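The values are calculated or read from the model by the stated rules, or taken from the named source; none is laboratory data. In this text, all values refer to a predicted model and were calculated from it rather than measured experimentally. Here the Cβ positions follow ideal geometry from the backbone for every residue, glycine too, while neighbour counts run over all protein chains shown. Protein only, heavy atoms only, side chains kept; ligands, DNA and RNA dropped before computing areas. Shrake-Rupley method; radii C 1.70, N 1.55, O 1.52, S 1.80 Å.
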Amino acid sequence: MSTSGKLVIVPTPIGNLGDMTLRSLEALREADVVCAEDTRVTGKLLAHFGIEKRLARLDEAMIGSRAAGVVERVAAGEVVAYCSDAGMPGVSDPGLRLVAAAREAGVAVEVLPGASAAACAYVASGTVCSRFYFGGFFPRKATEQRTVLAELSGLDAALVFYESPNRLVAALSVIAEVLPWREVAVCRELTKLHEEVARGSAAELRERFAARAEEPGGVRGEIVLVIDAPGETEAAVGAEEAAASAAERAVELVAEGLRTKEVTKHLVAEFGISRNDAYNLAMEAAR
């Protein structure tokens, strides 16, 4: 195996071509071949910077069958650069599987730093939470969206998702239903001429973008949704709902013949409430 070959993961701008890094340009110029999620998109990028290079398409449909061949070329001594359509390859695109294949084969992989729409939107959103969870593309179906949001609702972190402009209003409707207390930022066309960061409750943003969808041109562009972490209001409402459910459960357990001590243990295990609160609910149900 040659030690001169390597796979280079090359980030590209998410919109503004001025964000192309010098290292990325150098890597593209030095590569033997450039693999791209879409050769038309990457071809325009190379032409803009005056780079003539052989291009090979490597998209989601092809990566499974062609990754091994790319790795073999690297092992044989070639320098292969990989670009996604925009941003950091491997973040919600097929580049992740290409890197995995290269790592498994033991060939050299160099990952260059660059633009990421998820990180850019997280900062632009105005959230004050110091942590975020990136969920890739938001599920298409409302039932799956509800499930994902419910599962992630307990995370003390902002939630970041990519979304299509055609599904934005529907997505905001589900967010308003499941997480009505959260502030949301719709980050659209980041780094581009018509960049927009709209912030508000999901219900407010749904009405705003629903109205825009009816206008000529509708809602366009690349979109990132940033949902704030749980706040005090949501925590208080959640505590009240848990207490109400625990009280109902306490009555059921007492009716089943369980003693106060046993009811208390069940309530702590099922609802995660404090032992003192569980004991008080058990005593109240026993009266």
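Descriptive notes on the structure:
- GluC sites (Glu not before Pro) lying in DSSP loop within segment 19-52, provided at most 14 other Cβ fall within 10 Å: GLU52
- Cβ-derived FRET efficiency at R0 41 Å, GLU195 paired with ALA242, nearest 0.05: 0.50
- In terms of overall dimensions, the C-alpha atoms belonging to the chain reach 83, 53, 30 Å along their principal axes, ordered largest to smallest.
- Taking amide H atoms as placed 1.01 Å from N in the peptide plane, the amide H of GLY87 lies under 5 Å from those of THR12, ILE14, each 5 or more residues away in sequence or on another chain.
- Most to least packed among 264-273, 171-180, 16-25 [average Cβ atoms within 10 Å]: 171-180, 264-273, 16-25
- Accessible surface comparison of PHE161, PHE49, PHE132, probe 1.4 Å, protein chains only, largest first: the order is PHE132, PHE49, PHE161.
- Here the simple spin-label model places points 7 Å from the Cα toward Cβ, and for THR233 and ARG131 these points are separated by 2.3 nm.
- Model label points for ALA47 and THR147, set 7 angstrom from Cα along the Cα-to-Cβ axis, are 4.4 nm apart.
- In the chain, a dipole from Cβ-located charges (positive for Lys and Arg, negative for Asp and Glu) runs towards its positive end, and of PHE49, ILE223, PRO180 it is PHE49 whose Cα lies farthest in that direction.
- Loop sites in segment 117-191: trypsin sites (Lys or Arg not before Pro), DSSP, at most 14 other Cβ within 10 Å: ARG131, ARG140, LYS141
- Per-residue 3J(HN,Hα) values for segment 242-258, derived from phi via the Karplus relation 6.51 cos²θ - 1.76 cosθ + 1.60 with θ = phi - 60°, read 5, 5, 5, 5, 5, 5, 5, 5, 4, 5, 5, 5, 5, 5, 7, x, 6 Hz in sequence order (x marks Gly and Pro).
- Remark: the chain carries a charge dipole of roughly 600 debye about the Cα centre, counting +1 on each Lys and Arg Cβ and -1 on each Asp and Glu Cβ.
- Across segment 16-33, coupling constants 3J(HN,Hα) worked out from phi with the 6.51/-1.76/1.60 Karplus curve, θ = phi - 60°, read 7, 5, x, 8, 5, 7, 5, 5, 5, 4, 5, 5, 5, 5, 8, 5, 6, 8 Hz, and Gly and Pro carry x.
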